[in-house]
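Each remark here refers to the structure printed beneath this line.
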Amino acid sequence: MTELNFLCTKCRKGFDCDVGKIAFPIEENRPRFEKDIVCPRCGVLTMDDVELTELGQTQLGEIFMAELE
């Protein structure tokens, strides 16, 4: 279980979401998640419908750095 903290750009509410395994494809500018991002209010969202909060960015950075080791 990998939880990241997001901000929904539709309802402007923050939430934690289990995104499963995370891949960091070199050819893409964004990570790829195993599971859908689901806002508790708005439902399933795309990466264009969310922003990583400061906490979420820290969480993702820690995961990325752990994979480099």
key: Distance (nanometres) between label positions extended 7 Å along Cα→Cβ at Leu55 and Glu27   = 3.6
request  = Select one label from [x] 44; [y] 51; [z] 58: the one whose number is percent of Cα pairs over 16 Å apart as derived from the coordinates shown.
outcome  = [x]
request  = Determine the relative contact order of the chain: mean sequence separation of Cα pairs under 8 Å and six or more apart, normalised by residue count, in whole percent.
outcome  = 32
remark   = Summing -39500 (n - 2.57) over every DSSP H run of at least 4 residues in the chain and dividing by its residue count gives a helix-only mean residue ellipticity at 222 nm, to the nearest 500 deg cm²/dmol, of -7000 deg cm²/dmol
task = Determine which lysines satisfy two conditions relative to Lys21: a Cα distance under 19 Å, and not lying fewer than 8 residues away in the same chain.
result = Lys35
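Every read-out reported here was derived from the displayed coordinates using simple, explicitly stated rules and does not represent laboratory data. Note that this is a predicted model, so its numbers are computed, not measured. FYI the Cβ positions are ideal-geometry reconstructions off the backbone, even for glycines, and counts take in every protein chain you see.
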